Amino acid sequence: MPDDMRPAFPPGASPVDLDAMEISPEIIRLVSPELARRLSIVPVSRTDDTLTVAPKDPLDFDALDTLRYVLKMNVEGIWATPESVAKALARHYPVE
């Protein structure tokens, strides 16, 4: 695999376990349910002007760029498994 196609995670890195994380309602409210579902992302924390999110596809840089544009803030991605992101989306953004 060419270097520019490899995930941007350190060798030996483990994905974040979203089930074990307590994500505050204030963080969840930063991203609308519609946008979170459309982009398949879960916001997990905020530090100053940077929102950290777990995208279902860690290589979906367009989703991160869309969030930066919509939220007018810095956005960083962390690595979580697609299954973990899907479960967290269902938990924090239930379809009514």
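Conditions tested, residue by residue: (1) out of contact with any Ser or Thr (no Cβ under 8 Å at 6 or more places or on another chain); (2) closer than 24 Å to residue 14 by Cβ; (3) surrounded by fewer than 16 Cβ atoms within 10 Å (Cβ to Cβ).
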site	(1), (2), (3)
38	yes, no, yes
41	yes, yes, no
48	yes, no, yes
55	no, yes, no
59	yes, yes, yes
72	yes, no, yes
77	no, yes, no
87	yes, yes, yes
91	yes, yes, yes
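Residue pairs whose Cβ atoms lie under 7 Å apart, separated by 6 or more positions or on different chains, with the first residue in the range 39-67 and in contact (Cβ under 8 Å) with a residue 40 or more places away in the chain and of a type in the set (S, T, N, Q) and the second surrounded by 16 or more Cβ atoms within 10 Å (Cβ to Cβ) and in a strand (DSSP E or B), are 40/55. Do you know which residues across the range 14-36 are over 15 Å from residue 87 (Cα atoms) and surrounded by fewer than 19 Cβ atoms within 10 Å (Cβ to Cβ)? Of everything in the range 14-36, those that are over 15 Å from residue 87 (Cα atoms) and surrounded by fewer than 19 Cβ atoms within 10 Å (Cβ to Cβ) turn out to be 14, 24, 25, 26, 27, 29, 30, 32, 34, 35.
Coordinate-derived values only; no laboratory data. Since the structure is predicted, the reported quantities are computational estimates derived from the model, not experimental observations. So basically every Cβ, Gly included, is an ideal-geometry build from the backbone, and we count neighbours across all protein chains shown.
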